[in-house]
1. Given labels modelled 7 Å from the Cα in the Cβ direction, how far is it in nm from Y37 to A152?
2. Explain nothing, just compute: Karplus ³J(HN,Hα) = 6.51 cos²θ - 1.76 cosθ + 1.60, θ = phi - 60°, for every residue of the stretch 155-167 in order, whole Hz, x for Gly and Pro.
3. Give me the accessible area of E66, 1.4 Å probe, in Å² rounded to the nearest 10.
4. Considering only protein heavy atoms, with the full assembly of protein chains and a 1.4 angstrom probe, order V108, V166 by accessible area, largest first.
5. From the backbone phi of the stretch 60-72, what are the Karplus-calculated ³J(HN,Hα) couplings (6.51 cos²θ - 1.76 cosθ + 1.60, θ = phi - 60°) in whole Hz, Gly and Pro given as x?
6. List every residue whose amide H lies under 5 Å from the amide H of Y142, counting only residues 5 or more places away in sequence or on a different chain, with H placed 1.01 Å from N in the peptide plane.
7. Protein chains only, probe 1.4 Å: how do D136, D126 rank by accessible area, largest first?
8. Can you give the FRET efficiency for I13 and E66, using 1/(1 + (r/R0)^6), R0 = 25 Å, r = Cβ-Cβ distance, to the nearest 0.05?
Amino acid sequence: MRKLKILDLFSGIGGFSLGFEKTGLYQTVAFCEVDPYCKQLLQKHWKGVKIYDDIKKLKGQELKEEFGQIDIVAGGFPCQPYSVAGKQKGTNDDRYLWPEMFRVITEVQPRWVVAENVRGIVNIQDGVVFERVCSDLENQGYQVQPFNIPAAGVGAPHQRERIWIVGHSKHYGPLASEIERRYPQDDARSTEGENQTIEFERTGGSRNDEALENTRRTLRQGTSIGGEDENEIRKEDANKFERSGETP
């Protein structure tokens, strides 16, 4: 079975690619990372894999010509515009780079998109930024589902909530059908496989809009409840930076 090709944006030290590749089903064909130290680590652990420096100069057509069909575009676009540790300037921050990630997605046209950011993206600017990310993808034919997955949910000793936005292109057919084609072992032969397929079917078709709106509403409400905690964190971070002489 052919491994799915990944374009890893805002790569950092390669956490996305490491997680994908540990399954044995994926292969990273290129990174995009500007930080020199991170690039050194990527070069060490992914020898020979190309690293692009600037997402603003990344061209989808060139990527398709060099690597063929890219199956997944993944990346944690910069969180500084939304983080409680910063000034939360949102779209007014120079580091607001979702439009660049979205441009690459529209040019590459992958089957899947996996985007990640801090919890603050859900409610900043009255939810406009979060809705734009989801709507941008939907307008390009992606079935979108956001998730709030904290680090504690996978065994870490701290909360560290993160918003994951997963999109599947409708141009490649229904999501359930693609899963059955790629992973026939999870077909009706196993109860677990049946349950998984049904779950994906519930988020598609005529119920899709309602399911997505309910999910987004729940995320926004959950974030509002945490407002007092975020204010406390902001004060603690401000005191820390003041002591160290740094500016968040």
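The values are calculated or read from the model by the stated rules, or taken from the named source; none is laboratory data. Here the structure is a predicted model, which means the values were calculated and not measured. Cβ: placed from backbone, ideal geometry, glycine included. Neighbour counts: every protein chain shown. The protein model used for the area step is the full one, side chains on, heavy atoms only, and it has no ligands, DNA or RNA in it. Shrake-Rupley method; radii C 1.70, N 1.55, O 1.52, S 1.80 Å.
1. With each label placed 7 Å out from Cα toward Cβ, I get 2.9 nm.
2. x, 6, x, 9, 6, 6, 5, 9, 9, 10, 10, 10, x
3. Its accessible surface works out to 100 Å², give or take rounding.
4. Numbers: V108 0, V166 40 Å².
Descending order: V166, V108.
5. Karplus values, whole Hz, x for Gly and Pro: x, 5, 5, 5, 5, 5, 7, 10, x, 5, 8, 7, 9.
6. The list, which skips near neighbours in sequence, is K170.
7. Numbers: D136 25, D126 150 Å².
Of D136, D126, the descending order of accessible area is D126, D136.
8. Working: r = 24 Å, r/R0 = 0.94.
Approximately 0.60, to the nearest 0.05.
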